[in-house]
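A.B. asks: Here you go, one structure.
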């Protein structure tokens, strides 16, 4: 019996002739919070998009709940995988409420309008990210951090099993970084649901605090992955970033700083 | 204004604009003639001349506004209008060639439609290479093909004898005086709207970006292909009926967005009604302002629409 929400078999990903990973066999199980780390341009986003089914892998297979990801309709995928993209753009106007309700899109039938239940989910999600009272604001009047929180609220409204997040803490102040990652952690570790998350982070200390598993991309296809406590070390991180990393003892274990 | 009120208001405005179009014209006739058996001339003037023309105007305005809304989402570009991908250019070359060769009105109409379809297929096949079909590629291909048609149009105008030029210029500026019977235009408007409405929520999502849409379960490539075909056919129909009337397709969607309508489930029907009403009113002005001289309706749409649009933009400007 396979309990993995998402697993890859012999996965190879390339972008513009550059190898992101090859022969990757990783299983993301319910309750796990994965962190995806690496230097700029190593292919973190590309790998995340591949896991989300937004681009095809160069080789290998991805299974979502034991079904081949490439054969599933987009709507079915969107009911199970939610993606927080690096940035949304808004060429056209729209309100905060309309945006957060778009998270219900995969759950609504073709002709169906959002109902009371959808509205309640949306309002609750806005409350969670501290945007209550913003419902009628135009999205293009929000600050960068508020937009990020709106995107997270949309993701919470979507209620996927697997959360894939591309730099969720971008633009967020320290308070919102911690409170939003806490919210996400609660959703994933809540054992009444089968949920998991994979997030790209640039802050090693947020990764050690909010992730129990890591995927490290070293470039040229070299990948290290597994439980965070097994693979995190000063040497590994120094090699990962090509920059000396030092550890300082903090109140909850080591804190990593660039040397 | 509450965006929910816009649609009911438009539903009220539509019959009013049609009634106005029926009661105004170069010959003074009262609407009462319809119920007065002794005024057969007045009745036939209204029913056989003004009514078909008003309905044609409504259909063309509706088609252009709907096509413009779809085209803006397809190209993710607020500056897109129904003509940006060269459909009207292809139609104009078909129509002008027919006029140059002295063929009848029926041929002009038929060849305009054929030219529009040719342009649509040409742009599609040129922009669709190796399975790669991005809005940017489509936009560039369309704009360049449109420029090509523009050159051919100038060439035809340059070699045409002077007696043909007036008709050609009217066609190019948009004119409803040779519109075919309005029923099929109205039919295609209705079909177009019915076809698009089930996808209106997908359009909301696609407007927020290709990746966002895919991540929320929209089959982006299929939706785009559908948008291209539908918007092109709607534009081709409008251009065939009345030549290339500018402004309606570009500005109606923005006008409604400025009024606070961003949900395409309301925006699409509202665009149909607003575009229809605007063109009915513009055509009424075009045939009565300098009567018996007729003005090209495209001139009036711009003269009516520009101040309204600028006023709304000014009022809401800080958000845009």
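A.B. asks: Of all residues in region B:243-297 being free of Cβ contacts under 8 Å to residues at least 12 places away in the same chain and in a loop (DSSP other than H, G, I, E, B), which is nearest to residue B:57 (Cα to Cα)?
C.D. replies: This residue is B:295.
A.B. asks: Right, another one. Restricting to region A:124-151, give me the number of residues that are in a helix (DSSP H, G or I) and surrounded by 18 or more Cβ atoms within 10 Å (Cβ to Cβ). Let's see the steps before the verdict.
C.D. replies: Within region A:124-151, the subset in a helix (DSSP H, G or I) is A:124-128, A:139-141, A:144-151.
Now narrow it down to the ones that are surrounded by 18 or more Cβ atoms within 10 Å (Cβ to Cβ): A:125-126, A:128, A:139, A:146-151.
The number of residues fulfilling the criteria is 10.
A.B. asks: Going by what's in this entry, would residue B:104 be described as away from chain A (no Cβ under 14 Å), in contact (Cβ under 8 Å) with a residue 40 or more places away in the chain and farther than 18 Å from residue B:188 by Cβ? Steps first, answer last, please.
C.D. replies: Working: away from chain A (no Cβ under 14 Å): yes; in contact (Cβ under 8 Å) with a residue 40 or more places away in the chain: no; farther than 18 Å from residue B:188 by Cβ: yes.
No.
A.B. asks: Filter region A:233-253 for residues that are in a helix (DSSP H, G or I) and in contact with a strand residue (DSSP E or B) (Cβ under 6 Å, 6 or more places away or on another chain); which is surrounded by the fewest Cβ atoms within 10 Å (Cβ to Cβ)?
C.D. replies: A:234
A.B. asks: Please find, within region A:81-105, the residue that is modelled with the lowest pLDDT out of those that are closer than 24 Å to residue A:200 by Cα, more than 7 Å from every other protein chain (Cβ to nearest Cβ) and surrounded by fewer than 21 Cβ atoms within 10 Å (Cβ to Cβ).
C.D. replies: Ranking the qualifying residues of region A:81-105, first place goes to A:87.
A.B. asks: What are the residues in region A:10-30 that are surrounded by fewer than 17 Cβ atoms within 10 Å (Cβ to Cβ) and part of a loop (DSSP other than H, G, I, E, B), if any?
C.D. replies: A:16, A:17, A:25, A:30
A.B. asks: Now a separate question. Consider residue A:53 carefully, then state whether it is in contact (Cβ under 8 Å) with a residue 12 or more places away in the chain and either away from chain B (no Cβ under 14 Å) or in contact with a helix residue (DSSP H, G or I) (Cβ under 9 Å, 6 or more places away or on another chain) (or both).
C.D. replies: yes
A.B. asks: Checking residue A:64 against (1) under 13 Å from residue A:160 (Cα atoms); (2) at the interface with chain B (Cβ under 7 Å from one of its Cβ atoms): exactly one of these is not met. Which one?
C.D. replies: (2)
A.B. asks: I'd like the residue in region A:106-118 that is part of a helix (DSSP H, G or I) and within 14 Å of another protein chain (Cβ to nearest Cβ) and, out of all such residues, is farthest from the chain's Cα centre (by Cα).
C.D. replies: Among residues in region A:106-118 that are part of a helix (DSSP H, G or I) and within 14 Å of another protein chain (Cβ to nearest Cβ), the one farthest from the chain's Cα centre (by Cα) is A:118.
A.B. asks: Next up: State which residue is farthest from residue B:24 (Cα to Cα) when the search covers only region B:288-301 and only residues that are at pLDDT 80 or above and loosely packed, with under 15 Cβ neighbours inside 10 Å.
C.D. replies: The first filter runs over region B:288-301 and keeps only residues at pLDDT 80 or above, leaving B:288-290, B:293-301.
When the remaining residues are screened for being loosely packed, with under 15 Cβ neighbours inside 10 Å, the result is B:289-290, B:293.
Numbers: B:289: 10, B:290: 13, B:293: 15 Å.
Going through the qualifying residues, I end up with B:293.
A.B. asks: Separate question: Confirm whether residue B:227 is in contact with a helix residue (DSSP H, G or I) (Cβ under 8 Å, 6 or more places away or on another chain), within 14 Å of another protein chain (Cβ to nearest Cβ) and touching a residue at least 12 places away in the same chain (Cβ under 8 Å).
C.D. replies: no
A.B. asks: Testing residue A:160 on (1) in a loop (DSSP other than H, G, I, E, B); (2) at pLDDT below 95; (3) within 11 Å of chain B (Cβ to nearest Cβ), one condition comes back false. Which one is that?
C.D. replies: All conditions are met except number (2).
A.B. asks: To continue, here is another question. So which of B:203, B:223, B:211 ends up being within 30 Å of residue A:161 (Cβ to Cβ) and touching a strand residue (DSSP E or B) at 6+ places or on another chain (Cβ under 9 Å)? It would help to see each step written out before you state the result.
C.D. replies: Values: B:203 fails: touching a strand residue (DSSP E or B) at 6+ places or on another chain (Cβ under 9 Å); B:223 fails: touching a strand residue (DSSP E or B) at 6+ places or on another chain (Cβ under 9 Å).
B:211 is the lone residue from the list that is within 30 Å of residue A:161 (Cβ to Cβ) and touching a strand residue (DSSP E or B) at 6+ places or on another chain (Cβ under 9 Å).
A.B. asks: Separate question: Would you check if residue B:212 is within 16 Å of the chain's Cα centre (by Cα) and either closer than 23 Å to residue B:107 by Cα or within 14 Å of chain A (Cβ to nearest Cβ) (or both)?
C.D. replies: When the stated conditions are applied, residue B:212 does not pass them.
A.B. asks: Then there is this: Looking at A:129, A:139, which one is more than 10 Å from chain B (Cβ to nearest Cβ) and within 25 Å of residue A:169 (Cβ to Cβ)?
C.D. replies: Within the list A:129, A:139, the selection yields A:129.
A.B. asks: Please indicate, with yes or no, whether at least one residue in region B:181-197 is within 14 Å of chain A (Cβ to nearest Cβ), touching a residue at least 24 places away in the same chain (Cβ under 8 Å) and surrounded by 23 or more Cβ atoms within 10 Å (Cβ to Cβ).
C.D. replies: Scanning region B:181-197 turns up at least one residue that is within 14 Å of chain A (Cβ to nearest Cβ), touching a residue at least 24 places away in the same chain (Cβ under 8 Å) and surrounded by 23 or more Cβ atoms within 10 Å (Cβ to Cβ).
A.B. asks: Go through (1) touching a residue at least 60 places away in the same chain (Cβ under 8 Å); (2) in contact with a helix residue (DSSP H, G or I) (Cβ under 9 Å, 6 or more places away or on another chain); (3) more than 12 Å from chain B (Cβ to nearest Cβ) and name the single condition residue A:11 misses.
C.D. replies: Evaluating residue A:11 over (1) touching a residue at least 60 places away in the same chain (Cβ under 8 Å); (2) in contact with a helix residue (DSSP H, G or I) (Cβ under 9 Å, 6 or more places away or on another chain); (3) more than 12 Å from chain B (Cβ to nearest Cβ) leaves (1) as the failure.
A.B. asks: How many residues are more than 19 Å from the chain's Cα centre (by Cα) and either in a strand (DSSP E or B) or touching a residue at least 40 places away in the same chain (Cβ under 8 Å) (or both) when one looks only at region A:207-232? Write out each step before concluding.
C.D. replies: First pass over region A:207-232, keeping only residues more than 19 Å from the chain's Cα centre (by Cα): A:218-222, A:229-232.
Next cut, either in a strand (DSSP E or B) or touching a residue at least 40 places away in the same chain (Cβ under 8 Å) (or both) only: A:218-222.
So the count comes out to 5.
A.B. asks: What tally of residues in region B:13-31 results from selecting those that are part of a helix (DSSP H, G or I) and loosely packed, with under 11 Cβ neighbours inside 10 Å?
C.D. replies: Let us first name the residues in region B:13-31 that are part of a helix (DSSP H, G or I), namely B:13-23, B:31.
Filter again for loosely packed, with under 11 Cβ neighbours inside 10 Å, leaving B:15.
Of the residues in region B:13-31, 1 are part of a helix (DSSP H, G or I) and loosely packed, with under 11 Cβ neighbours inside 10 Å.
The values are calculated or read from the model by the stated rules, or taken from the named source; none is laboratory data. Keep in mind it's a predicted model, so treat the numbers as computed, not measured. Don't worry about glycine lacking a Cβ; one is built from the backbone with ideal geometry, like all the others, and counts go over all protein chains shown.
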